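Just below is one structure, and these are the notes that go with it.
Quick note: the coordinates plus some simple rules give every number you see, no bench work behind them. In this text, all values refer to a predicted model and were calculated from it rather than measured experimentally. Ideal geometry is used to build each Cβ from the backbone, glycine not excepted, and the neighbour counts take in all protein chains shown.
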Amino acid sequence: MVDGILLLNKPSGITSNGALQRVKRLFGAAKAGHTGALDPLATGMLPLCFGEATKFSQFLLDADKRYLTTAKLGIRTNTSDADGDVVAEAEVGPEVTAERIEALIREHFTGEIEQVPSMFSALKFNGQPLYKLARKGIEVEVKPRQVTVFEIHMTAFRGDEVDLDIRCSKGTYIRSIVEDLGLLLGCGAHVQMLHRLDSGPYKASMMIELDQLEQLVADLGEDADRNSIQARLDQLLLPAWTALGETPSIELPEILAKRVLNGQKIALTDQEPQPLVRIFEENSGRFLGVGEIAEDRRLLPKRLMNTTDQPAG
């Protein structure tokens, strides 16, 4: 059994699922999933959840994200990124200035905005990813959605290229921001580079490269004991509870911990109501799962671990 979260710096040129499968094989994990797909073109933060940690992947799917992107001006593609086919080209005239771009991103791409996801996104329509339908030439109506851009800054302008640093809510499509910016500028644009820096509580400095993982296993050699390989790899995993970021935590004595693991509600007269808390066992530091402290101050278990030996930290 492998339990924990690996923060992978996904390389360009492979799908998120392709990266997941390669890492899953390295770890010999029975159960694994990623938390928010990145396009093949994109690189960066891809949290991978193994074993019991998959129970808490939704918290990362719902988390805020931070991206760096380069918009290529003057060229539109059918996918809104560099992997697509060119559908229109236009001159980037002298009216396209850094000042104008900054004014547009302040006016149109800050705060709550409405955007229409690309037909080449992983968003599903009747159970099918839009990009699969698009590749078959099937067009469907994609409804606009509300997202929040907390911060967006232009970090460089090179005439026909714009670098943006964007911190946004879940469900934000950077390709849509770049596409819409190009339309407002009158010259069109597509994503030339996209790199996810942060996802929820996880920061870019915590990521590990795929080739580092593969080299680690290779360095141990074909004759290495599987347990020794596993031990080295397990050191790279974060405990499942880290996915919950700054969520409040409580510690329970062993007798109450057992009741919670059995799904029982328990009274906690010394705790204030909380919509979500992380639950740990007092002496061992085991992470038990998450629950809600209701208005009557009873702890209601919501999602529980089967087993874990991760410390509370």
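Packing around the peptides 28-37, 67-76, taken as the average count of other Cβ atoms within 10 Å per residue, puts them in this order, highest first: 67-76, 28-37.
Across the chain, Cα pairs under 8 Å and at least six residues apart give a relative contact order of 20 percent. Each principal axis of the Cα cloud of the chain was evaluated for its coordinate range; sorted largest first, these ranges are 71, 57, 37 Å.
Return the FRET efficiency for the residue pair Q128, N283: r is the Cβ-Cβ distance, R0 is 45 Å, and the value is rounded to the nearest 0.05.
Working: r = 50 Å, r/R0 = 1.10.
Efficiency computed from Cβ-Cβ geometry: 0.35.
Sorting the segments 190-201, 276-287 by their residues' average number of neighbouring beta-carbon atoms within 10 angstrom, most packed first, yields 190-201, 276-287.
How would you rank 148-160, 242-254, highest first, on the average number of other Cβ atoms within 10 Å across their residues?
Working: 148-160: 14.0, 242-254: 16.2.
Listed from highest to lowest mean packing, they are 242-254, 148-160.
Post the alpha-carbon centroid distance, the range 154-198 to the range 19-94, in whole angstrom. Distance between centres, Cα-based: 15 Å. Net length available on complete extension from K31 to R297 is 92.3 nm, with 0.36 nm assigned per residue and the Cα-Cα distance removed. When the C-alpha to C-alpha distance is required to be over 25 Å, the pairs from K72/K124; K55/K124; K55/K143; K65/K265; K143/K170 that qualify are K72/K124; K55/K143; K65/K265.
The slack in the chain from S12 to I266, taken as 0.36 nm per residue of separation less the alpha-carbon distance, amounts to 86.6 nm. Between I266, I177, I255, the residue with the greatest mean-square fluctuation in the GNM of the chain (Cα pairs under 10 Å linked by springs) is I255.
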